[in-house]
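Participant: The structure that follows is given in the form of C-alpha cells.
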Amino acid sequence: MIHKKELSLIEGQFVMLDILIEFDRVCRENNLKYFFDWGTLLGEIRHKGFIPWDDYIDVSMPREDFEKSKSLHNKFNEDYFLQTPVTDKY
C-alpha cells in the first residue's frame, strides 16, 4: 500500500529541488542543455529561489536535446520516474 502524505508548500519546494538536482545530473552526464523558464526563471532572478507561493518548476530545452532526453528514462535514480510516451502509454 502506498501511503501519501500531504506536503506543505515549502516541503514540496524541497522535493522539487531534489527532482531538479537529479534532472541536472542526467542532463550534464548526457550533454543536454536546459534552462529555467517562466515563473521558475522569475523566481530565480527576483527571489533567488522559488517564488514563495510557487508549487511547480518550469524547465525548457532545445528541441534536439528534448528529443535525446526522451530515451534517457532509465538514467534517472530509482527514486525518480521520467514520464514520457515511451514509459507511460496513457
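The values are calculated or read from the model by the stated rules, or taken from the named source; none is laboratory data. Since this is a predicted model, take the numbers as computed values, not measurements. Every residue, glycine as well, gets a Cβ built from its backbone with ideal geometry; the counts of neighbours run over all protein chains shown.
Participant: I'm checking my understanding of the structure. Among residues of the stretch 39-80 that are aromatic (F, W, Y) and under 15 Å from R25 (Cβ atoms), which one is surrounded by the fewest Cβ atoms within 10 Å (Cβ to Cβ)?
Facilitator: Y80
Participant: Moving on to the next point. In the stretch 56-85, which residues are modelled with pLDDT under 85 and under 23 Å from G12 (Cα atoms)?
Facilitator: Within the stretch 56-85, H73, F76, N77, E78, D79, Y80, F81, L82, Q83, T84 qualify.
This table checks each residue for (1) β-branched (V, I, T); (2) touching a Lys or Arg at 6+ places or on another chain (Cβ under 8 Å); (3) in contact (Cβ under 8 Å) with a residue 12 or more places away in the chain.
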| site | (1), (2), (3) |
| --- | --- |
| K5 | no, no, no |
| L9 | no, no, yes |
| M16 | no, no, yes |
| G43 | no, no, no |
| H47 | no, no, no |
| I51 | yes, no, yes |
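Participant: What's the total number of residues in the stretch 1-55 that are part of a loop (DSSP other than H, G, I, E, B), among the aliphatic types (A, V, I, L, M) and touching a helix residue (DSSP H, G or I) at 6+ places or on another chain (Cβ under 8 Å)?
Facilitator: Within the stretch 1-55, residues that are part of a loop (DSSP other than H, G, I, E, B), among the aliphatic types (A, V, I, L, M) and touching a helix residue (DSSP H, G or I) at 6+ places or on another chain (Cβ under 8 Å) number 3.
Participant: Does L20 satisfy the condition of being over 13 Å from F66 (Cα atoms), surrounded by 15 or more Cβ atoms within 10 Å (Cβ to Cβ) and at pLDDT 90 or above?
Facilitator: Answer is yes for this residue.
Participant: Is it the case that S60 is without any contact (Cβ under 8 Å) to a residue 40 or more places away in the chain, closer than 24 Å to D88 by Cβ and small (G, A, S)?
Facilitator: The answer is yes for S60.
Participant: A follow-up question, please. I'm trying to understand the selection: among the residues of the stretch 56-90, which are out of contact with any helix residue (DSSP H, G or I) (no Cβ under 6 Å at 6 or more places or on another chain) and outside any loop (DSSP other than H, G, I, E, B)?
Facilitator: Scanning the stretch 56-90 gives V59, S60, R63, E64, D65, F66, E67, K68, S69, H73, N74.
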